[in-house]
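Right, one structure below, let's go through it.
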Amino acid sequence: MREDVQIAPSILSADFLNLGSELESVSNADFIHYDVMDGHYVPNISFGPGMLRAVKRGTELPVDVHLMVTNPDETCRDYLEAGADLVTFHMEAARHPRRIVDQIHEFGRRAGVAINPGTPVSALESMVDCVDMVLIMSVNPGFSGQRFIEHTFDQLHALQKLCSRTHAHPLVEIDGGVSAANAERVVSAGARILVGGSAVFDAQDHARAVEEIRTAGRRGLSRWA
Ligand code: DX5
Ligand code: ZN
């Protein structure tokens with residue numbers, strides 16, 4: 001099957017007062033990215049499992065939950081019960097990461113593991129064979145609208161090496177400062193799911209912004225051209 005680029009708009013950048021129509025405005029995307037921030041792991045507070053239930057009612061797209069919390073071991077279940085289709089937790093915060101992955105899989109959902117820009121990719125050595133997705137943060141987590149960190153390309157290349165050495169094939173998601181301007185480069189470095197917060201929701205036409213990021217990203221799939 002031909003590989004493709006998938007776009008995951010982050011509703012952290014959406015207009016919370018009009019969330020239903022904001023969700024509809026990106027129905028051409030592949031996922032809804034749902035950023036959970038607890039005010040401890042990151043300095044910001046966003047939303048929890050209650051709003052996830054509402055979001056699930058407002059979209060037919062799978063919801064990609066990104067847990068930026070100190071205690072994913074304890075809280076992951078709440079998001080699975082609320083309907084998360086994919087749950088990603090931070091390697092830096094997890095006490096028993098493989099146990100979290102097992103729990104997600106017991107619910108029949110997909111599991112992702114994330115690392116921050118300052119965490120070496122080698123921290124994922126024991127995880128790439130058991131997760132469905134690896135999320136490489138391209139900003140320090142906590143806020144949308146931050147500038148993409150160039151060191152991310154080293155992270156993506158190191159991840160490709162780790163995956164080929166271990167014969168693992170997780171999907172690679174990139175999150176933070178992604179836009180049509182850098183989508184081609186991140187895809188050619190191995191990313192396949194592109195999160196877009198401000199690049200989507202700050203645009204006049206959200207659906208069009210999704211397509212522009214996707215089109216730019218597809219140019220990075222050159223080996224399929
Ligand atoms: C950052 C969040 C991101 C953020 C992306 O901590 O995990 O998902 O909302 O927003 P942009 O694309 O504006 O950097
Ligand atoms: Zn995120």
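What to note about this one:
- Highest-fluctuation residue, ILE149, ILE100, ILE11 considered, GNM on the chain with Cα pairs under 10 Å: ILE149
- Radius of gyration over Kirkwood radius for the chain, both on Cα atoms: the Rg/Rh ratio is 0.93.
- Note on the stretch 65-137: with charges restricted to the Cβ of Lys and Arg (+1) and Asp and Glu (-1), its dipole about the Cα centre is near 60 debye.
- Per residue accessible area of the chain, 1.4 Å probe, in Å²: 45 Å²
- Our note on the geometry: Cα centres of the stretch 107-143 and the stretch 158-210, 13 Å apart.
- Surrounding net charge for ILE11, when Lys and Arg each add one and Asp and Glu each subtract one, Cβ distance under 11 Å: -4
- Shown for the chain are the DSSP H helices of 15 Å or more along their axis, judged by Cα atoms, with a mean Kyte-Doolittle hydropathy of at least -1.0: 152-166, 206-218.
- Percent accessible area from carbon and sulfur atoms, the chain, protein chains only, probe 1.4 Å: 48 percent
- Antiparallel %, DSSP beta bridges [both residues in the stretch 6-221], to 5: 5 percent
- Above 15 Å, the calculated P(r) of the stretch 104-186 contains 56 percent of its Cα-Cα pairs.
- Radius 12 Å from Cβ of ILE100, net charge of other residues (Lys, Arg +1; Asp, Glu -1): +1
- Each of SER222, VAL200, ALA158 was scored by the projection of its Cα onto the charge dipole of the stretch 119-225, and the greatest displacement toward the positive side belongs to SER222; charges sit on the C-beta of Lys, Arg, Asp and Glu.
- Nearest-0.05 FRET efficiency for GLN204 and GLU92, computed from C-beta distance (R0 45 Å): 0.75
- Rounded to the nearest 20 debye, dipole of the chain from Cβ charges on Lys, Arg, Asp, Glu: 500 debye
- Between ALA158 and ALA123, the modelled label-to-label distance comes to 1.0 nm, taking each label 7 Å out from Cα in the direction of the beta carbon.
- Global geometry of the stretch 59-149, whether rounded, prolate or oblate, following the gyration tensor of its Cα atoms and the 1.5 cut on a/c: oblate
The values are calculated or read from the model by the stated rules, or taken from the named source; none is laboratory data. Just so it is clear, the structure is predicted and the values come from calculations on it, not from any experiment. Cβ: placed from backbone, ideal geometry, glycine included. Neighbour counts: every protein chain shown. Accessible surface areas use protein heavy atoms only, side chains included; no ligands, DNA or RNA. Shrake-Rupley method; radii C 1.70, N 1.55, O 1.52, S 1.80 Å.
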